[in-house]
Amino acid sequence: MQAYIVRRLLALAPTLFFASLIVFISMRLIPGDVIDLMLAQNDIATGQDRAKIEAALGLDQPVYLQYFRWIGGVLQGDLGVSLWRNVPVADQLWATLPITFELGFLALIVALTVALPIGVYSAMRQDTAGDYVARSFSLLMLAVPGFWLGTLVMVFPSVWWRWAPELEYTPFFEDPLKNLAHMIVPAILLGLSMSAVTMRMTRTMMLEVLRQDYIRTARAKGVGEALLVARHALRNGLIPVVTLIGLQAPLLIGGAVIFEQIFVVPGMGLLLLEAVFQRDYPVVSGVFLVVGVGVLLINLAVDVSYGWLDPKVRHQ
Amino acid sequence: MDPAPLLDISGLCVSFRTDRGLVRAVQDVSLQVRAGETLAIVGESGSGKSVTALSILRLLGEAGRVDAGRIVFDGEDLLALEDRAIRAIRGDRIAMIFQEPMSSLNPVLTIGMQVAEPIRLHRNAPWKDAYERAGELLERVRIPDAAGRLGDYPHQLSGGMRQRVMIAMALACRPRLIIADEPTTALDVTVQAQILELLKELTRQANSALILITHDLGVVARYADRVAVMYAGSIVETAPARALYAAPAHPYTRGLMASIPSIDGAIGARLPTIDGQPPDLARLPPGCAFALRCPHVFETCRATPPALMEAGTAGHLRACHLDADAAGAAVQERT
Ligand SMILES: Nc1ncnc2c1ncn2[C@@H]1O[C@H](COP(=O)(O)OP(=O)(O)OP(=O)(O)O)[C@@H](O)[C@H]1O
Ligand code: SF4
Ligand SMILES: [Mg+2]
């Protein structure tokens, strides 16, 4: 298993390399560059200033050289410095990553606690009223865009009950309760939007599994319904669901960008959004690097959990 | 007279609601199995053998419905039992072995766990004791290095080995009745005989009754005490195995037998095909279901369904309008 994980990690290197290349290049393709923005902000617009700033930021060199300088730095643990704030990118990432991680983690817990029981229930009670309600709810969650839902939660409770979600961030270790009071609303919304697909998948897979011969064998042994689900069906049904959760990881990060902005959570999503608007290339590249590593690690975790769920994989 | 049979099915009718309409999979089936006896059910694919078997343990699922009949096991009417009570019987006093050893074991649970499970459920044994007993059972079904294989998963075993595991599982609580639904159809011909011998030997040792569902007339001759021949959801002939082979009385049975080289022929000889197709169970003809394929068909057959009646010797019943003498003559002609 350990050898397997090491091999997988090594296999990540080329993937990461290409991902970084794509991010680096695509950033330069966005119209308007950082110098224009800086000049516009500072009301100075002479060609000389431009060249000076470009040289100072290292942007006068060809893009491929810039890339190699950047990747060379990354390999030595140096992610560069923000073009606007003169703060090392790594510091900004270290400050924001745990916050986004917390949001994502809470959202995942919400998604699973909603999706798994309802998905299983829906499958066990196929075509009953409860099943229809659950399926309609998941369709609704699929159809409603996150930002719209977020806005609703911001606006309506405050109009109706004079209650608004907490918008002030408190670090978890300073005051966990206050921190959770702020994070819980975006986490629930993000989790719910994730739960829709997961719930449908859980239902489909459970229906599939419940049709299998070995479920009939278990019934023929006298296994009752609760044990049938818990021991005989769930693990088989979860194998594809876990893959789905892995596939949803990038969506989770995309959702984090939206909800961090609406609920003013100072995480990586907010950092990324700001950096993109400001064309702060090193910050954008840094965030994507972390996202890339994160997604790949999640997929690695998914692979490892297969081994636990599916003995066939374990013995390969 | 006979003591009360262990299992007494009377007038069982089962139907399935499908898009094609109501499929009458089993019609008015009556069967008795005495303690320790082996009853074979034979018939073509789709004749209702599995549905009959699944009805006993009420494992038909949502689509299937028992429309009529009683299934009395050891004095209890299984169809009238509460869910909890039928679960207590499943795997304990009645066990079932299925056709597909490849898909009938749970791929994510160890075979030790799967064999131990009924013991844990019905004997309330601690897992440790149940596992120990599972080890003994795997040894009894002659799995090499049984104790060392308790932690194996089904995919690590061959088809024959898996079917041994299924047999061990079925024997776990020493059931009074084992229902084996084509236990060897999916296996290699060479393994089939071994598995059947094992099944027969172990059921005899445990003094369990056995319902052996099969396509294979060689198997019937070798292992069964009694035989029930099913066609299109009904029993068309039933008799002690010897009597059936000595004097098959229904044209369908005769058709089946005519093309086996010899009764004690090789195991693995499938039911020979008879010209034509069985009728659509959603659109059964008004008279005899075999009429379209029967070489002896006459008017009455097309109008009135024949009832099961004594055919010569005691305990030999058939459902056919043809009178006994003519039937005998017809056999003479054909051979
Ligand atoms: N779940 C179901 N839904 C609809 N029809 C069914 C279902 N199960 C069985 N049937 C119908 O009942 C009839 C009898 O099926 P059954 O499985 O008992 O046949 P069988 O004699 O066991 O055949 P085989 O030798 O192929 O196993 C078939 O015609 C089939 O179409
Ligand atoms: S009743 Fe008639 S059609 Fe049916 S088996 Fe007998 S002879 Fe053939
Ligand atoms: Mg069958």
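Taken together, the values in this text are just the output of simple stated rules run on the coordinates, not laboratory data. None of these values were measured; they are calculated from a predicted model. Using ideal geometry, Cβ is built from the backbone for each residue, glycine included, and neighbour counts are taken over all protein chains shown.
Expressed as a whole number of Å, what is the distance separating the alpha-carbon centroids of the stretch A:140-217 and the stretch B:66-82?
The distance from the Cα centre of the stretch B:66-82 to that of the stretch A:140-217 comes to 48 Å.
Helix B:189-206 versus the longest principal axis of chain B: what is the Cα-based angle in degrees, 0 to 90, to the nearest 10?
Approximately 80 degrees, to the nearest ten.
If you build a Gaussian network model of chain A, linking Cα atoms that sit under 10 Å apart, which residue out of A:Ser136, A:Ser195, A:Ser82 swings the most?
The residue that fluctuates most here is A:Ser136.
So what is the calculated 222 nm ellipticity per residue for the protein assembly as shown, using -39500 (n - 2.57) for each DSSP H run with n of 4 or more, over all residues, to the nearest 500 deg cm²/dmol?
Per the formula, -17500 deg cm²/dmol.
Does the stretch A:105-157 come out rounded, prolate or oblate, given a ≥ b ≥ c as the square roots of the eigenvalues of its C-alpha gyration tensor, rounded meaning a/c under 1.5 and, failing that, prolate meaning a/b above b/c?
oblate
Could you state the angle between the C-alpha long axis of helix A:63-75 and the longest principal axis of the C-alpha atoms of chain A, as a value from 0 to 90 degrees rounded to the nearest 10?
60 degrees
Rounded to whole Å and sorted largest first, what semi-axes of the equivalent ellipsoid does the C-alpha gyration tensor of the stretch A:264-316 yield via the square root of 5 times each eigenvalue?
They are 36, 11, 5 Å, listed from largest to smallest.
Over the Cα atoms of the stretch B:54-94, each weighted equally, I'd like the Debye log10 I(q)/I(0) at q = 0.19, 0.27, 0.31 Å⁻¹, rounded to two decimals.
-0.53, -1.05, -1.31
State, to one decimal in nm², a quarter of the convex hull surface area for the C-alpha atoms of the stretch A:199-279, i.e. the direction-averaged projected area.
Approximately 7.1 nm², given one-decimal rounding.
Could you quote the convex hull projected area for chain B, Cα atoms only and averaged over all directions, in nm²?
Average projection, Cα convex hull of chain B: 17.5 nm².
Test of understanding: given chain A, find the longest segment containing no GluC sites (Glu not before Pro) that are in a DSSP loop and have at most 13 other Cβ atoms within 10 Å.
A:1-167
Taking a quarter of the surface of the Cα convex hull of the stretch B:14-168, what do you get in nm²?
Directional mean of the projected Cα hull area for the stretch B:14-168 stands at 10.9 nm².
Run down the aspartates and glutamates and flag those whose C-alpha is under 16 Å from the C-alpha of A:Lys178, throwing out any fewer than 8 positions away in its chain.
Result set, ordered by chain and number: A:Glu102, A:Glu166, A:Glu168.
From the alpha carbon gyration tensor of the stretch A:91-265, can you work out the equivalent ellipsoid semi-axes (sqrt of 5 times each eigenvalue) and give them in Å, largest to smallest?
They are 36, 18, 14 Å, listed from largest to smallest.
Counting other Cβ atoms within 10 Å, keep those with at most 15, restrict to DSSP loop, and tell me which GluC sites (Glu not before Pro) in the stretch B:62-99 are left.
Listed in order of number, the matching sites are B:Glu62, B:Glu82.
What size of dipole, in debye to the nearest 20, comes out for chain A about its Cα centre when the only charges are +1 on Lys and Arg C-beta atoms and -1 on Asp and Glu C-beta atoms?
1520 debye
Relative to 2.2 N^0.38 Å, what does the C-alpha radius of gyration of the stretch A:85-193 come to as a ratio? Two decimals please.
The value comes to 1.34.
As a test of understanding, state the convex hull volume per residue of the protein assembly as shown from its alpha carbons, in Å³.
In the protein assembly as shown, the Cα hull volume divided by residue count equals 225 Å³.
Inside 10 Å of the C-beta atoms of B:91-102, what's the mean count of C-beta atoms belonging to other chains?
For peptide B:91-102, the averaged partner shielding equals 3.
Compute the long axis of helix A:176-210 from its Cα atoms, compare it with the longest principal axis of the Cα atoms of chain A, and write down the angle in degrees, 0 to 90, nearest 10.
Approximately 50 degrees, to the nearest ten.
Which number comes out as Rg/Rh for chain A once both Rg and the Kirkwood Rh are worked out on C-alpha atoms?
1.06
Would you please give the residues with an amide H less than 5 Å from that of B:Val236, counting only those at least 5 places away or on a separate chain, with H modeled from the backbone geometry?
HN-HN under 5 Å from B:Val236: B:Val229, B:Met230, B:Tyr231.
Rank these for me by crowding, A:Phe259, A:Phe101, B:Phe16, going from fewest to most other beta carbons within 10 Å.
Final ranking by Cβ density, sparse to dense: A:Phe101, B:Phe16, A:Phe259.
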